[in-house]
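The values are calculated or read from the model by the stated rules, or taken from the named source; none is laboratory data. This is a predicted model, so every value here is computed, not measured. Because the Cβ atoms are built from the backbone with ideal geometry, glycine has one as well, and the counts that use them run over all protein chains shown. To get the accessible areas, we keep the full protein, side chains included, count just its heavy atoms, and leave off ligands, DNA and RNA. Shrake-Rupley method; radii C 1.70, N 1.55, O 1.52, S 1.80 Å.
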Amino acid sequence: MFTDCNLYTGLWAVDFADEFPTCNVVGTDISAIQPSWVPPNLQFDIDDASKTWTYPDNHFDYVHIRWLCCTMKDWPSLYKEAYRCTKPGGWIEHLDSDVHFVCLDGTMPKDSAIAQWGHIWTEVERKAGVIANMLDGHMENGIKEAGFTNVQIEDYLAPTAPWPTDERQKQIGLFQYISLTSDVEGFLTYFLGHVMGWTENEMAKYASILRREYKEGKIHANIKWRVVRAQKPVDA
């Protein structure tokens, strides 16, 4: 039994269920926006991962968490619930990112919208009490404190647009560009509007500049992603 927490559109869960047809997969989210045509071994549940999970102890073989920065105020409680619901010997995997873009060739001016992104979300984190930068030790420390062992950490740099010359990196950049630009305003509205006090015009202007910088590809920025995997002890 596998679960994908806060799965959003559900596409990851669909792909996973297709690839592993003998596994039962459960995807959870607070919004019912997932497709209705899914593999027979996949079900979607309306559930809030920030609250007590509705699943029994020792239920899942694998818990998958992906890109939930700024959505949780109490990560230790979420990891504890994941630990409770994971079978002894089962695994948790959490993928999340740093809000500060990484540029290795000096093409990112300090006053660019891309460079300002990290500073903006650091301030959002301070004002809203959410965790924006997940790479400050929150993931691995929280998972360890919940009781998981055999912790494995992998870091990756992924380009924000298809600017690399390497074909694989170019493809990764294209996928990430599509993700980053598909709804910039929707991503900004709540936190920049309600938390930071930006006006609609200010948000629209920033979104427009950010989208243009991504599209031009002159700034060779990367997002730093971290994958943390850990196992519940067999004798737990």
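Annotation: the antiparallel percentage among DSSP beta bridges lying fully within the chain is about 50. The mean accessible area for residues of the chain, using a 1.4 Å probe and ignoring ligands and nucleic acids, is 52 Å² per residue. Taking the C-alpha atoms only, the angle from helix 167-181 to the longest principal axis of the chain is near 90 degrees. Considering only Cys69, Cys23, Cys85, the mean-square fluctuation computed in a Gaussian network model of the chain, springs between alpha carbons under 10 angstrom, is largest for Cys23.
Note on exposure: Trp121, Trp67 ranked by accessible area (1.4 Å probe, complete protein assembly) read Trp67, Trp121, with the most exposed listed first.
Assign unit charges at the C-beta atoms only (+1 for Lys and Arg, -1 for Asp and Glu), then state the dipole size of segment 90-167 relative to its Cα centre in Debye, rounded to the nearest 20.
Working: 4 positive and 14 negative charges, 73 e Å.
Dipole of segment 90-167, to the nearest 20 debye: 360 debye.
Straight Cα distances below 20 angstrom link Lys232 to the lysines Lys80, Lys87, Lys144, with same-chain residues fewer than 8 positions distant left out. Among the GluC sites (Glu not before Pro) found in segment 140-205, not one is both in a DSSP coil and sparsely packed, with 12 or fewer other Cβ atoms within 10 Å of its Cβ.
Can you tally the net charge around Phe60? Count Lys and Arg as +1, Asp and Glu as -1, for every other residue whose Cβ sits under 12 Å from the Cβ of Phe60.
Values: positive: Arg84, Lys87, Lys232; negative: Asp4, Asp57, Asp61, Glu81, Glu93.
So the environment of Phe60 carries a net charge of -2.
The heavy atoms of Asp136 offer some 100 square angstrom of accessible surface to a 1.4 angstrom probe. Listed values [x] 7, 26, 22, 16, 12, 9, 5, 2, 1, 0; [y] 7, 28, 34, 23, 7, 0; [z] 7, 30, 35, 20, 6, 1, 0 include one computed from this model; for P(r) over Cα pairs in 10 Å bins from 0, in percent that value carries the label [y].
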